[in-house]
Amino acid sequence: MKESEINVRLLKGDESAFEFIFRKYFVKLCQYAEHYLRDKSAAEEMVEDFFVFMWDNCEKIEIESNLAGYLYRSIHNRCLKYLRHENVKQKYLEKEGYLFLDKEILEPVSDDFPEATLVSKELDNQLLIKLNNVSKLLIG
C-alpha cells in the first residue's frame, strides 16, 4: 500500500488501512516511547491510547508530512506531556506528601485520652484530604 493511498483510506475510516498502520508501526512506536519514558508498560499503554485516539478521530486527522513522521511526532509529544505530568506529580508529592515514620503516631488512640483522639481524627481528616487531592491529580 502506498502512503498517499493509506492517508486517503484512513480519512475515510478504512479499517484495513488502520490495521496496516497499526501492524507496521506499533512495536516501533512502543520502542520509541520506551526510550523516553524508561517504562515498557507505560510506553505500550501510551501507544495503545494513541492508536485508539487515531481510530476515533481518523476522519479529522490531517497528515501534512509523511505518515511515519506524523506517528513519531505524535508519540514524541505524548511522551513529553506524560513526563511533564509526572514531574508535576512528583513535585506535588514532595511538597504536600507526608510520611509518618513515628510508630506512636500511627498507633490507635485510646478513649482514655480525648485530646489525643481529637488530634488523631484531625490528622486522619487532613490525610484523607491530601490523598484525595493526589488521587485527583493522578486520575484527572
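The single residue among 81, 60, 28 that is modelled with pLDDT of 95 or more and of a type in the set (Lys, Arg) turns out to be 28. Count of region 16-31 residues, restricted to those that are in contact (Cβ under 8 Å) with a residue 40 or more places away in the chain and touching a Lys or Arg at 6+ places or on another chain (Cβ under 8 Å), is 0. Of the residues screened, residue 91 is not one that is free of Cβ contacts under 8 Å to residues at least 40 places away in the same chain, loosely packed, with under 11 Cβ neighbours inside 10 Å and under 21 Å from residue 18 (Cα atoms). Determine whether region 76-98 contains at least one residue that is outside any helix (DSSP H, G or I) and aromatic (Phe, Trp, Tyr). So far as region 76-98 goes, yes, one or more of its residues are outside any helix (DSSP H, G or I) and aromatic (Phe, Trp, Tyr).
Among the residues of region 51-67, are any among the hydroxyl-bearing types (Ser, Thr, Tyr) and either loosely packed, with under 15 Cβ neighbours inside 10 Å or assigned by TED's automatic domain parsing to the domain that holds residue 135 (or both)?
First, pick out the residues of region 51-67 that are among the hydroxyl-bearing types (Ser, Thr, Tyr): 65.
Next cut, either loosely packed, with under 15 Cβ neighbours inside 10 Å or assigned by TED's automatic domain parsing to the domain that holds residue 135 (or both) only: 65.
Yes, region 51-67 contains a residue that is among the hydroxyl-bearing types (Ser, Thr, Tyr) and either loosely packed, with under 15 Cβ neighbours inside 10 Å or assigned by TED's automatic domain parsing to the domain that holds residue 135 (or both).
For every residue, the table says whether it meets (1) part of a helix (DSSP H, G or I); (2) aromatic (Phe, Trp, Tyr); (3) modelled with pLDDT of 95 or more; (4) within 19 Å of the chain's Cα centre (by Cα).
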site	(1), (2), (3), (4)
6	yes, no, no, no
16	yes, no, no, no
22	yes, yes, yes, no
36	yes, yes, no, yes
47	yes, no, yes, yes
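If only one of 50, 18 is aromatic (Phe, Trp, Tyr) and in contact with a Phe, Trp or Tyr (Cβ under 6 Å, 6 or more places away or on another chain), which one is it? Answer to the selection: 18.
Looking at 48, 34, 44, 59, just one residue is in contact (Cβ under 8 Å) with a residue 12 or more places away in the chain, within 24 Å of residue 84 (Cβ to Cβ) and of a type in the set (D, E, K, R), and that residue is 44. Of all residue pairs spaced 6 or more apart or on separate chains, those with beta-carbon atoms under 9 Å, a first member in region 115-136 that is within 13 Å of residue 92 (Cβ to Cβ) and a second member that is assigned to a helix (DSSP H, G or I) and charged (D, E, K, R) are 130/96; 133/96; 134/89; 134/96.
Filtering 28, 40, 2, 24 for residues that are surrounded by fewer than 11 Cβ atoms within 10 Å (Cβ to Cβ), of a type outside the set (Asp, Glu) and on the phi < 0 side of the Ramachandran plot leaves a single hit, 2.
The values are calculated or read from the model by the stated rules, or taken from the named source; none is laboratory data. Keep in mind that this is a model prediction, so the values were computed, not measured. FYI the Cβ positions are ideal-geometry reconstructions off the backbone, even for glycines, and counts take in every protein chain you see.
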